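A short write-up of the structure that comes next.
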Amino acid sequence: MALTLGESNSSFYKSLQYLNNTRAQIDKSQLRLSSGNKIVSPADDAGGLSVAMKLQHQLTTTNAMVSGVSNAVSFAEMQSSTLSAAGSIIEEMRSLQSKYKVETNDDTKSIYETSYKELLEQLQELPGETFNGESLFNREEAVTTSSTGSSITMDAIEITFDTANAGASLSADDSNALNLAALSLGSISHESVEAALSIAAGNISNYMIQVGSDMSALGFATDYLSNMATNIEAAHGRIMDVDIAEETINLSKLTLQHEAALAAIVQANLAMESVLELLISRND
């Protein structure tokens, strides 16, 4: 009966094949641990990878919408702050007008007039305020709040001060308002000044309500989109994220198997060497 020695021995080849397979599995396990991904190539789970890629795209889109809504909230907050400042200025102008009305000292009245004009100059600057290079007023904004294209429309706040036209209005929507820029405490009746300031205060109050409504709607949209992004990220993680503890145990098991295969190959080579030595000694 023929005796097969060396690398043609079947047990040697089986051990070598097992060693190579185990080495490949160890490499993949280490790659999973280093990358943090359970699927490191399409061959691991083509279907799972396809779903994960779709979820990643949806997550990117949702995060972009969250960013857009957050910017809109900041925009509305700036509008609110500016309108609040305008309201405070108008209230101070009303106070000056009331004091001017009952004051008898010309010097004091002149001080009131000067203060009134300074406040008016501040008020005239507010409609030109910008946020990130965009005008805060006189423009409409549509903010996307869902992947289906739903959006929240932030209506334009039309605040204007037309100094060239004494009949122009504070608000383009209210033709009854007098132009504050054309008013001087000493040049027009107190009733007209009071009426103009009252209408201006009412317009500011209405716009504050409008901005508050926008901020409330945007707040709900932010909560919804943030929760949606969290859920999508969790779903993506369940597909792609590796279980560190499980993969560490698997790596330890594969390492032991690799060492066992390596020992088997060494043992097979030693056995063949012993047989060769025996044959050679008999021939001698």
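What follows is calculated from the coordinates using simple rules that are stated; it is not laboratory data. The model shown is predicted, which means the values in this text are computed figures rather than measured ones. Cβ atoms come from the backbone with ideal geometry, glycine included; neighbour counts cover every protein chain shown.
Using Cβ contacts closer than 10 Å as the measure, can you line up 258, 57 from fewest to most?
Lowest count first: 57, 258.
Once R0 is set to 41 Å, what does the formula 1/(1 + (r/R0)^6) return for the Cβ-Cβ distance between residue 88 and residue 67, expressed as a FRET efficiency to the nearest 0.05?
0.80
Starting at the first residue of the range 30-41, write each ³J(HN,Hα) from the Karplus equation 6.51 cos²θ - 1.76 cosθ + 1.60 with θ = phi - 60°, in whole Hz, x for Gly and Pro.
Computed from phi, the couplings for the range 30-41 are 5, 5, 4, 5, 6, 8, x, 9, 6, 9, 9, 7 Hz.
Using per-residue counts of other Cβ atoms within 10 Å, averaged over each peptide, order 193-201, 237-245, 127-135 from highest down.
Details: 193-201: 19.6, 237-245: 14.4, 127-135: 11.7.
The densest-packed peptide leads the list: 193-201, 237-245, 127-135.
Among 112, 207, 13, which comes first, then next, by fewest other beta-carbon atoms within 10 Å?
Lowest count first: 13, 112, 207.
Taking the Cα-to-Cβ direction at residue 235 and at residue 209 and moving 7 Å from each Cα, how far apart do the two end points lie in nm?
Calculated label separation equals 4.1 nm.
Under the Karplus relation 6.51 cos²θ - 1.76 cosθ + 1.60, θ = phi - 60°, what is the ordered set of whole-Hz ³J(HN,Hα) values for the range 234-243, x standing for Gly and Pro?
Listing the rounded values in order: 5, 5, 5, x, 5, 7, 9, 6, 7, 7 Hz.
In what order do 27, 107 fall by count of nearby beta-carbon atoms within 10 Å, going from fewest to most? Could the numbers behind the result be given before it?
Details: 27 11, 107 7.
With the fewest neighbours first, 27, 107 line up as 107, 27.
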